[in-house]
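Colleague: Provided herewith is a single structure, encoded as structure tokens, for subsequent inquiry.
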Amino acid sequence: MLPIRSIASRAIYTANSVSFRNAGYATISGDKHNYKVVVVGAGTGGLVAANQIYNRFKAAGKALNAGDIAIIDPAEHHYYQPGWTLVASGLTSKAKTRRPMSSLIPSHLSYIADSVKSFEPKDSTITTLAGRKISYDNLVVAAGLQINWNAVQGLTKALADPNSGVSSVYSYDTADKVWSDVQALRSGKAIFTQPAGIIKCAGAPQKVMWMAWSTWENILKSGSNIRTEFYTGMPTMFAVPKYSKALDELRVKRGIEAGFGHNLISVDSAAKKATFKKGDGSTVVKEYTLLHAVPPMGPLDVIKGSPIADQAGWVNVDKNTLRHVEYGNVWSLGDSSSLPTSKTAAAITAQAPVLAENLFRVVDVGSIGKAGYDGYTSCPLLTGHGELILAEFKYGLEPKETFAKYLGDQAKPRREYYHLKKDVFPFVYWNYMLQGQWFGPKGLVRPDYA
């Protein structure tokens, strides 16, 4: 079995502590303009990839020099975004999901606090917003995606109003507003939304709904006075049939009404009305007391239309090797990539080792070896206090479960899985994953691609 038991014990013991495992702080890049590897983005994908690449070369006895890998990102803070559903559920404070960026980038990596303005893959260069031209031997794009808040009319205004009853888990600034609104509601109608198309952590809209329902039903004892409804642009509760069936059965059992093929297009916070567009083009208006809104998402503007993007605007990589289909020294993982799988932090834990191995092999021997990504991703679906459905699957929406043979059917809500999400995964993230020492289902053991 994975070395999860000892890690879980340590995680629960130190759940309220802060641990920084990096020896030293980032090297702030000055005048240097060429690097062995440039990583765009210092979110989950960027930090994990940069550290795993460095570790892979070191493990082979061919360590890169300090400063050979550069990370470009203008953000002052790094966020543990999977923790925002815990914030929205009152299970942690949002301050625990944020740390200074410089504290997480080790001293052997160069840190460029800037944004990319353009990609010039034919010349193996990028240009930053500050006008700096940087060349690379290999480029890793892990820049994330774009949340289109303004695509829902009236949403930004409603989110800014503390008394609107409108919130969203998809921002550090508003995740705690979800919990405030849930606690304050004693009667009325609560609507939870999810857009059609690609979003990060597609299970998060439901997690917020299930935890709100559990709060009203089991803690505040006000569930009989609150009508909960779920409106999604998708045709089912979840993309993977096994988990979708379980979630829909749970929805019916709990008396939650659902509207499928409904996309939120506008919010009138003064009148407390939300307008949805249906698949046939018609619209329907719903009154609400509480509204949890999830706007549509898409690729970053800087990537859309660039030479490295596909027609949809994502970095165009091979779905198995993570190497660009046209430019052999360009790679991508995480939310900004074209990989046809759910965009989650768990997916990155399986993508990064493949990317690091293939990049190393290309540099070392000139060709890719046997490492291949099978689309693994995971969505820990909180379904209430003390229970969670642990969805794990790969390409083809085929379940690929890690714990079922030890802990039981992962489509059934279980307390053990709840504590993985609440206690173990945050600990693993800050103490192992960001340092490039966590390999998803493999735990602390780096996959052997020999």
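The values are calculated or read from the model by the stated rules, or taken from the named source; none is laboratory data. These figures come from a predicted structure and were not determined experimentally. Cβ coordinates were reconstructed from backbone atoms using ideal geometry, including for glycine residues, and neighbour counts include every protein chain displayed. Accessible surface is based on the protein model in full, side chains and every heavy atom, while ligands, DNA and RNA are left aside. Shrake-Rupley method; radii C 1.70, N 1.55, O 1.52, S 1.80 Å.
Colleague: What is the residue count in the range 47-63 for residues that are touching a helix residue (DSSP H, G or I) at 6+ places or on another chain (Cβ under 8 Å) and open to solvent by less than 30 Å² (accessible area, probe 1.4 Å)?
Modeller: Qualifying residue count, the range 47-63: 6.
Colleague: Out of (1) basic (K, R); (2) within 27 Å of S244 (Cβ to Cβ); (3) over 23 Å from the mean Cα position of the chain (by Cα); (4) assigned to a loop (DSSP other than H, G, I, E, B), the odd one out for K319 is which?
Modeller: Going through (1) basic (K, R); (2) within 27 Å of S244 (Cβ to Cβ); (3) over 23 Å from the mean Cα position of the chain (by Cα); (4) assigned to a loop (DSSP other than H, G, I, E, B) one by one, K319 breaks only (3).
Colleague: Of the conditions (1) outside any loop (DSSP other than H, G, I, E, B); (2) of a type in the set (S, T, N, Q); (3) open to solvent by 10 Å² or more (accessible area, probe 1.4 Å); (4) within 16 Å of S342 (Cβ to Cβ), T236 fails just one. Which one is it?
Modeller: Evaluating T236 over (1) outside any loop (DSSP other than H, G, I, E, B); (2) of a type in the set (S, T, N, Q); (3) open to solvent by 10 Å² or more (accessible area, probe 1.4 Å); (4) within 16 Å of S342 (Cβ to Cβ) leaves (1) as the failure.
Colleague: When you go through E357, E387 one by one, which is the residue that is closer than 28 Å to W213 by Cα, of a type in the set (D, E) and surrounded by 15 or more Cβ atoms within 10 Å (Cβ to Cβ)?
Modeller: Every option except E387 fails the conditions.
Colleague: Step by step: first the residues of the range 433-442, then only those that are farther than 13 Å from I105 by Cα and modelled with pLDDT of 95 or more, then the one that is most open to solvent (accessible area, probe 1.4 Å). Which residue is that?
Modeller: Residue satisfying both the conditions and the ranking: Q437.
Colleague: Return the residues of the range 261-312 that are of a type outside the set (D, E, K, R), assigned to a strand (DSSP E or B) and exposed (fewer than 15 other Cβ atoms within 10 Å of the Cβ); say none if nothing qualifies.
Modeller: T283, V284, V285
Colleague: Among (1) without any contact (Cβ under 8 Å) to a residue 24 or more places away in the chain; (2) open to solvent by 10 Å² or more (accessible area, probe 1.4 Å); (3) out of contact with any helix residue (DSSP H, G or I) (no Cβ under 7 Å at 6 or more places or on another chain), where does R415 come up short?
Modeller: Result: R415 fails condition (1) only.
Colleague: Which condition number does F192 fail, the rest of (1) closer than 24 Å to K421 by Cα; (2) surrounded by fewer than 18 Cβ atoms within 10 Å (Cβ to Cβ); (3) touching a His at 6+ places or on another chain (Cβ under 7 Å) being met?
Modeller: Result: F192 fails condition (2) only.
Colleague: For K245, state whether it is open to solvent by 40 Å² or more (accessible area, probe 1.4 Å) and either outside any strand (DSSP E or B) or in contact with a Leu (Cβ under 8 Å, 6 or more places away or on another chain) (or both).
Modeller: yes
Colleague: Answer yes or no as to whether V424 is under 30 Å from H77 (Cα atoms) and in a loop (DSSP other than H, G, I, E, B).
Modeller: Judged against the criteria, V424 is not a match.
Colleague: On to the next question. Applying the selection to the range 390-408, what residues are outside any loop (DSSP other than H, G, I, E, B), touching a Lys or Arg at 6+ places or on another chain (Cβ under 7 Å) and open to solvent by less than 20 Å² (accessible area, probe 1.4 Å)?
Modeller: Of everything in the range 390-408, those that are outside any loop (DSSP other than H, G, I, E, B), touching a Lys or Arg at 6+ places or on another chain (Cβ under 7 Å) and open to solvent by less than 20 Å² (accessible area, probe 1.4 Å) turn out to be E392, F393.
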